[in-house]
Amino acid sequence: MLATVAAAALTVTTVTASAAAPARAAACTGYVGLTFDDGPSGNTTKLLDVLRHNGLRATMFNVGRSAAANPSLVRAQVAAGMWVANHSYTHPHLTQLSQAQIDSEISRTQQAIANAGGGTPKLFRPPYGETNATVRSVAARYGLTEIIWDVDSQDWNGVSTDAIVRSAARLTNGQIILMHDGPANTVAAIPRIAQGLASRGLCAGTISPQTGRAVAPT
């Protein structure tokens, strides 16, 4: 009798658990790309904690010299489920540099991130979003897809937490938002960004190197 009851309970538990998983997946009617530039920094650990606590994954566009100086933070980004990408080595205005200088900025960052345990980046964001044919061709030489953004949170400009949340509310399926690793207001906005996305059936996705759009994580 006890064995029968136990078996029945196990069956109910199994059915309940398997039913819950598809329901969670079905809640994502679209995906957006959350991106954070200019890390890793002294704020990275706090940023990763709040992202993880709110069930969000993001693409971290790291500056090469910061990655080289803080390899443990790059590893922490990966351990937290984030994707690590290339944001140049010294954050210069790339369009004002020679092709050789651009090559150095991109190649040294690829190496710094790989050495730090971040893997080999597939995505590249030029500092300030400034690009031209030379920048794109050098990036392509390293197998990188250039990623700009659809929505600028303006967090680099000292805007309020409310303003950052409002910016994220404009995101639609496939779009990408620019945020930064350092601002305290950005960290404060993340729980509300997570709630807002969930209320609209949007989930945090990865950025496809093929299309440059946010897609379901694989």
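Details
- Checking each residue in region 116-135 for being over 20 Å from the mean Cα position of the chain (by Cα) and surrounded by 15 or more Cβ atoms within 10 Å (Cβ to Cβ) picks out T131, T134, V135.
- Of the residues making up region 171-181, one or more are within 14 Å of the chain's Cα centre (by Cα) and open to solvent by 10 Å² or more (accessible area, probe 1.4 Å).
- Residue match in region 105-115 (condition: touching a residue at least 12 places away in the same chain (Cβ under 8 Å), open to solvent by 50 Å² or more (accessible area, probe 1.4 Å), more than 22 Å from S199 (Cα to Cα) and touching a Phe, Trp or Tyr at 6+ places or on another chain (Cβ under 8 Å)): yes
- For region 132-178, the set of residues classified as of a type in the set (D, E) and either in contact with a Pro (Cβ under 6 Å, 6 or more places away or on another chain) or assigned to a loop (DSSP other than H, G, I, E, B) (or both) consists of D150, D155, listed by residue number.
- Scanning region 83-94 for residues that are farther than 18 Å from A68 by Cα and buried (at least 21 other Cβ atoms within 10 Å of the Cβ) gives a single hit, L94.
- Selection status of A68, touching a residue at least 40 places away in the same chain (Cβ under 8 Å) and either out of contact with any Gly (no Cβ under 8 Å at 6 or more places or on another chain) or in a loop (DSSP other than H, G, I, E, B) (or both): yes
The values are calculated or read from the model by the stated rules, or taken from the named source; none is laboratory data. Remember, predicted model here, so these are calculated numbers, not experimental data. Every residue, glycine among them, receives a Cβ derived from its backbone with ideal geometry; neighbour counts consider all protein chains shown. These area figures cover heavy atoms from the full protein model, side chains too; ligands, DNA and RNA do not enter into them. Shrake-Rupley method; radii C 1.70, N 1.55, O 1.52, S 1.80 Å.
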